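**Q** Below: one structure in C-alpha cells.
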Amino acid sequence: MNYISFYMGYLRKINIILLTLMTFSNGLTYEQSYQFRSISLPQGLSQSTINTIYQDRYGYMWFGTQDGLNRYDGYDFVVYRNDKTDTASISDNWIWSIFEDSRGDLWIGTYNGGLNKFDRQQNKFVRYRHNPSDTNRLSNNNVVSTIEDKSGNLWVGTWGGGLNCYNRKSNTFTHFTLNTPNIRCMMLARDGLLWIGTWIGLYSYNIELNKFTFYQNEPNNYKSISGNRIVNVYEDRKGNIWVSTFAEGLNRYDREKNEFIRYQFSTDEVGQIAEDQNGILWIATRGDGLILFDPSNGKVSKIGFDIYNINGLSDETIFSVYADRFGGIWIGTGSNGINYFNANRNKFRHIRFEPNSDKGLNNPTVRAICEDRSGYLWIGTRGGGLNRFDKEKGKFFYYTYNPTKRNSLSNNSIIALLEDKLGNLWIGTESGGLNMYDPVKNIFIHYQHDDKNSNSISSNNIMTIFEDDKENLWIGTAGGGLNKFDLKNKLFVRYQRTGIKPNELSGNYIWSILKDKYGYLWIGTWGAGLNQFDPSTNKNKIYQYEPSNPNSISSNTIYVIYEDSKGNLWLGTHGGGLNLFNRETESFTHFTQKDGLPNEVVYGILEDANGNFWLSTNKGLSCFNPKSFEFRNFDFYDGLQSNEFNQGAYFKNRNGVFFFGGINGLNSFRPEEIKKNNNIPTIVLTNFKIFDKQVQLNGSLETITEVKLSYKQNFFSFEFSALDYTVPEKNQYMYMLEGYDKDWINAGTRRYAAYTNLDGGDYVFRVKGSNNDGVWNNEGRALSIIITPPYWETWWARSLSALFIIALGYSFYRLRINKLHKEKLAQQQISMRFVEFQEHERKRIAGELHDSIGQNLLIIKNALDQYEANTAEQNVNSDELHEISQLAQESMDEVREISYDLHPHTLDRLGLKKAIQSCVKKFMQVSSIHFVYDVDEIDKLFSPIAEIHIFRIIQEALNNVIKHSNATECIIDVKQIEDTLRIEIADNGKGFNTDDIFTKDKANEGFGISNIFERVRLLQGEMKIDSSINKGTNILIKIPIVKEKKDNG
C-alpha cells in the first residue's frame, strides 16, 4: 500500500468534509442575500450559453456565446454574427474569448473561425485564420485565449495549435512549441509572467528570458498542483495566482516557496474565477452553482440553483464569471443566459414565499413581524398563519389554524405580533381574536369576544398590540375600540366611542398605539383622527383634519405613531404623508410627495443609529433625514419585495436589523450597510437614426466626434445609455442640442431624443446621465452635428440675395428720396413764394398806409392846426378842434405802427444790423425788461427775403419774451461764425415745459414759435429751445450763409 497516497487521500476527504460543513453551516441569515438579475433571450441575448465575458474601456459588456458575439449597454443587445456574404463580418458565431488591447481594438477568439479584430472606427472585423501552407499565419482556427504583453505583442492560445505571438508591424505569427498543442486558458500576471493552462499541466513563460517553466501533478507530492487539466488561471489583487482544475479542485501558487496549496470544495469541477470588491473569490462550477471563498479567513459559502427562487441563480452549471469595474459580478451560465449581481442593487435581503419548501414563507402577504428573545423571527401572514424562522437551522416552521385542534392558532390571518416583557408572544388575528403562544406546550391560548361578558375583548378583529411600562397590553380593534388587558387578572377594560360620554375616543377603529415619555397614550384611528389619551385621568383630546387649517393633521387615518430619540412625535398617515407634531403649538408639519416622499401612504417608521427614519409606503421604502428634510427612495429595482408594503409590518431587532413586510414577503437589512452608489457612469451614444432608420456612420459611435448631414436629412434621433448596470431602470438622463435648445431637457429614464426640421448650420448634441443613486456624469457625451443647407440657404447664395435685395432696396430708396426731395423743394418754393408774396403784400399795404392814409391824416391834422390858429380870435370852441387834431395824431401813430409791423422800412433804409438794433430799442421803450444786445455786421450776407425772415425771427422771439416770460433781463446775441449766422436769445423768466411747446403755442401764443420754426426751416437752419419751469428760456438758432442766395439777392 502507498501510505503517502492513502494519507493524502484521507486528508483530502477531511478537507472536503470541513469545507462542506463551512459551506452549509451558514444557513439562511438576515445578512446574507444574493439576488440576481437574469438577462437572457427575452432581453435580446443571441444564445443562452455564455462562454466568456468582458468589459471594454467604455464600459460596454461583451458576451461570447455559441451563436454570436453580444454587446450590452444595460438595456439592449447588439449582436454580431457571421454573414457568409460579408468578409467584414465576424468569421464564426461560436465565441471562446474576448480581449481589448491597448489601442482599443477588440480581439475575438472563435471555435473554428480563427482570430478576429473588431475595428470600431470602421465597424468591421478583420480576420486572422490558419493557412497550412503559410507558417507565418495563425497555427489553428480554434482560438481560446488572447492577451497583450507590456511590449504590445499579442499572445494567442489555440486548442490544437499551441501558442502564437502576433507581430503587428510584420503582420505575422510566431509559433511556440509546447508539450501539447491544446491550450485551455492564459493569464498575464502583473510581474510580466505569462501563465498558460493546458490539458496536461501548467506553464509559466518569462517573455524577456524566453523561458518556460512547467508544472504538473506529482502523485506523491501534495505541494504540487492538484491536477493537470487546467481550466482557469487568475491573479487576485494581492498578487496570488489561483489555478482551477477540471475535477481536481482549486490551487493557489506560493511564489516564495514554489509550491501549490490545494483547496477542495463540495465539488472539484471548478472553473473561472473572479474577485469582488471585498476580496471574495467567486468560483464557477460545473453542476454546483457558485462557490464564494474568502481567502483571508477560509470562509466558504455556496450559491446554488433554486427552482423556487425567481431572483436566484438561474442555472447550476456556470461557464464564466467576471467582475466589472463598478462592483458588479457577471455570471455566464451553461444554458440559462446571464446572471448579474451587484451589492448596491442587492441592498435588501428578500425573504419570499416559497411553496413546498421550508426555506421560505408559506404565504406571500406579510402583515406583522416580531423577533423574540430567543432569536426566532415570527412573521404573521394574511392567509398562511404564523411563520417562525430559525436562523440556526436555516428553515421555517409554520403554525396554522386547525379546526380539529382546540389549541391551534385561531385564525390564519395575522395582523399584529408582540412579545411582552415576560416573553409571551401575543398574536392579533383578523376575526379570530387575540392569541398567546405557549412555547413550552406549543399551544395557543385564545382571548375572544363574548357578547355576554363585558370583560372580554370588545372585538375579534385585532389591529395593533402595545405594551406600556406597567405591563398592561393595549389592544386596538377594528370596530371595537380600545382595550386594556390586565395580565394579572386576565380582564379587558374597554374604551369605546358611544357618543354619550365625555372624553370618549374619536372612533372605534384603532390602527396604532404609542405611549410617549410624558405618559400620554396616543391612539391613531381609521378615519377619525388622532387621540391624546391620559390613562391616569381618562381624559382625551382629539386632533382631526381641518380643511381650512393648514397646520392641522393632514389625514384622519393614522397607520403608525413613532416617538423618536429626541422625543418628537411622528405620524404616518393614509393619503397625508408624514406628519411631525409640535407639542408646544399643537400644530402639524406635513411631508408629502412634493417634498420627496415617494408616496403619501406611510405604513411604518423605524429610526436608525444616525437618526434617519425609514418609512414603508405604497411606493417602496424611503430614508428620511429629519435634519436636512431630504428623502432617499428605494423601490422594487433595488431588491425590495415589492413597491407595496403593509400596515403594521415593520420591526427592528436587538442587533439593529430592520424588517419591513409587504405583499410579496419581507425585506431585512442593516441601514448602515445601505451605501450610495458613487460610480460615475460612462455616457455613450448607442444608436443614431435618420428618418427612424439606423445609419452607418464614418466611424463608431464610441469615437466619432462629428456627423455631417444634408438639409434633406432633417429628421434624426439619438439613443444613449449611462453604463452603470446596478439598476439601469433608475438611471436618469438630460440632453440638449446647442444651437436649438435653450436649456437642458430632463428626459427622466427615457434614453431617446429626436429632432426635426432643423435649419442648416452647426449644432452640438450633448447628453449627460446618472446612476441609480443620482450620481451624475456632468461631462457626458458630445457630438457635433453639421447640417449643410440647400444652395439657396448657403452663405454665398444668401449673400448674393442680400446684395440683390440691398441694391433693389437702395434703388427704391433713392427713387423715394429723390421724390421726397423734389416734393420738399417744391414745398419750400411754395412756402418761400407764399412768404415772399406775404411780405410783398405787407410792404404794399404798409406803403399804402404810409403814403396814402398817413398823408391824408397828416393833411387833416395840419388843416385842423391851421384852422384852430385862425379861429382862436373868433371865439370858436378850440377844445373840440384840439381834440380832433389829437385824434388825427393818434391815428397817424397807429398807422405808422401798423406799417412798421407789416414791413420794417428801417431794413430797407438802414440794413439788417441797424434794423435789429432799432427793433431791440423799440422793445426797450415799451418794456421794463433790461435788454442787452450784441449784433455783428451782417448786412448783405443774405438775400432781401432771407433778411426779412431773420428780422421777423428776432422780432417774434422778443415779442414772446415781453408777452409771456415775466423776465427781468434778456440777452440778444447775433454773431457770424464762419459760414453760419448764430442767433441766441436768453431770458431769466418763468420758463415752460418744452414737451408742451406746440400745444401752448397754438393755444396761447398765436402761432409765434411755430412761425419762428417755419422761417428757420425755410432758411435751412436749425433751432433748439432749452427751457424749464422757473429756470428761464434759451433759444439758439443757426442759419447757414449760402453764397448763391446772397449773390442772387
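The values are calculated or read from the model by the stated rules, or taken from the named source; none is laboratory data. For clarity, every value in this text was computed on a predicted model and none was experimentally measured. Glycine gets a Cβ as well: all are built from the backbone with ideal geometry, and neighbour counts include every protein chain shown.
**Q** Return the pairs, sorted by first residue and then second, in which the second residue is not in a strand (DSSP E or B), the first residue lies in the range 745-765 and is of a type in the set (Gly, Ala, Ser), the beta carbons are less than 7 Å apart, and the residues are 6+ apart or on different chains.
**A** GLY748/GLN732; GLY760/TYR711; GLY760/PRO789; GLY760/GLU793; GLY761/GLY739
**Q** In the range 468-483, what residues are under 24 Å from GLY529 (Cβ atoms) and in contact (Cβ under 8 Å) with a residue 40 or more places away in the chain?
**A** ASP468, LEU473, TRP474, ILE475, GLY476, ALA478, LEU482
**Q** Continuing with the same structure: Which one of these does GLN593 not meet: (1) among the polar types (S, T, N, Q); (2) crowded, with 17+ Cβ neighbours inside 10 Å; (3) under 25 Å from the mean Cα position of the chain (by Cα)?
**A** GLN593 satisfies every listed condition except (2).
**Q** Take the residues in the range 738-765 that are within 22 Å of SER700 (Cα to Cα) and crowded, with 18+ Cβ neighbours inside 10 Å; name whichever of them is nearest to the chain's Cα centre (by Cα).
**A** The selected residue is ARG751.
**Q** All but one of (1) surrounded by 21 or more Cβ atoms within 10 Å (Cβ to Cβ); (2) more than 21 Å from TYR54 (Cα to Cα); (3) modelled with pLDDT of 95 or more hold for THR285, so report the exception by its number.
**A** Only one criterion in (1) surrounded by 21 or more Cβ atoms within 10 Å (Cβ to Cβ); (2) more than 21 Å from TYR54 (Cα to Cα); (3) modelled with pLDDT of 95 or more is unmet by THR285, namely (2).
**Q** Further question: Do any residues in the range 37-64 that are under 26 Å from GLY780 (Cβ atoms) and touching a residue at least 24 places away in the same chain (Cβ under 8 Å) have Cβ atoms under 8 Å from those of residues that are of a type in the set (Asp, Glu) and not in a loop (DSSP other than H, G, I, E, B), where the two are at least six apart or on different chains, and which pairs are they?
**A** Taking only residues 6 or more apart or on different chains, the pairs are TYR54/GLU100; ASP56/GLU100; ARG57/GLU100.
**Q** Limited to the range 216-234, what total is found for residues that are touching an Asp or Glu at 6+ places or on another chain (Cβ under 9 Å) and not in a loop (DSSP other than H, G, I, E, B)?
**A** Adding up the residues that qualify gives 2.
**Q** In the range 759-780, which residues are among the hydrophobic types (A, V, I, L, M, F, W, C) and touching a Leu at 6+ places or on another chain (Cβ under 8 Å)?
**A** To start, the set of residues in the range 759-780 that are among the hydrophobic types (A, V, I, L, M, F, W, C) comprises 764-765, 767, 775-776.
Scanning the range 759-780 gives VAL764, PHE765, VAL767.
**Q** Which ones in the range 611-630 are outside any loop (DSSP other than H, G, I, E, B), over 23 Å from TYR725 (Cα atoms) and either in contact with a Pro (Cβ under 7 Å, 6 or more places away or on another chain) or of a type in the set (A, V, I, L, M) (or both)?
**A** Scanning the range 611-630 gives PHE613, TRP614, LEU615, THR617.
**Q** Ok, one more. Of all residues being of a type in the set (Asp, Glu) and within 26 Å of the chain's Cα centre (by Cα) in the range 692-737, which is nearest to ASN633 (Cα to Cα)? Just the residue, please.
**A** The qualifying residue nearest to ASN633 (Cα to Cα) is GLU729.
**Q** Looking only at the range 933-953, decide whether some residue is hydrophobic (A, V, I, L, M, F, W, C) and out of contact with any helix residue (DSSP H, G or I) (no Cβ under 8 Å at 6 or more places or on another chain).
**A** Initial filter on the range 933-953 (hydrophobic (A, V, I, L, M, F, W, C)): 935, 938, 941-942, 945-946, 948, 950-951, 953.
Now drop any that are not out of contact with any helix residue (DSSP H, G or I) (no Cβ under 8 Å at 6 or more places or on another chain), which leaves none.
Checked the range 933-953: no residue is hydrophobic (A, V, I, L, M, F, W, C) and out of contact with any helix residue (DSSP H, G or I) (no Cβ under 8 Å at 6 or more places or on another chain).
**Q** Take LEU138 and decide whether it is more than 13 Å from SER91 (Cβ to Cβ), modelled with pLDDT of 95 or more and either assigned by TED's automatic domain parsing to the domain that holds GLU702 or of a type outside the set (Val, Ile, Thr) (or both).
**A** Working: more than 13 Å from SER91 (Cβ to Cβ): no; modelled with pLDDT of 95 or more: yes; either assigned by TED's automatic domain parsing to the domain that holds GLU702 or of a type outside the set (Val, Ile, Thr) (or both): yes.
No; evaluated as a whole, the condition is false for this residue.
**Q** Turning to a different aspect of this structure: Would you check if ASN402 is exposed (fewer than 14 other Cβ atoms within 10 Å of the Cβ), part of a loop (DSSP other than H, G, I, E, B), over 50 Å from the mean Cα position of the chain (by Cα) and at pLDDT 95 or above?
**A** Yes.
**Q** If you don't mind, another one. Report, by residue number, each residue of the range 81-126 that is among the β-branched types (Val, Ile, Thr) and surrounded by 17 or more Cβ atoms within 10 Å (Cβ to Cβ).
**A** Selection gives ILE90, ILE95, ILE98, ILE108, THR110.
**Q** Looking only at residues that are outside any loop (DSSP other than H, G, I, E, B) and touching a Leu at 6+ places or on another chain (Cβ under 7 Å) in the range 572-584, which one is surrounded by the most Cβ atoms within 10 Å (Cβ to Cβ)?
**A** GLY572
**Q** The conditions are (1) under 54 Å from the mean Cα position of the chain (by Cα); (2) in a strand (DSSP E or B), and LEU505 fails exactly one of them. Which is it?
**A** (2)
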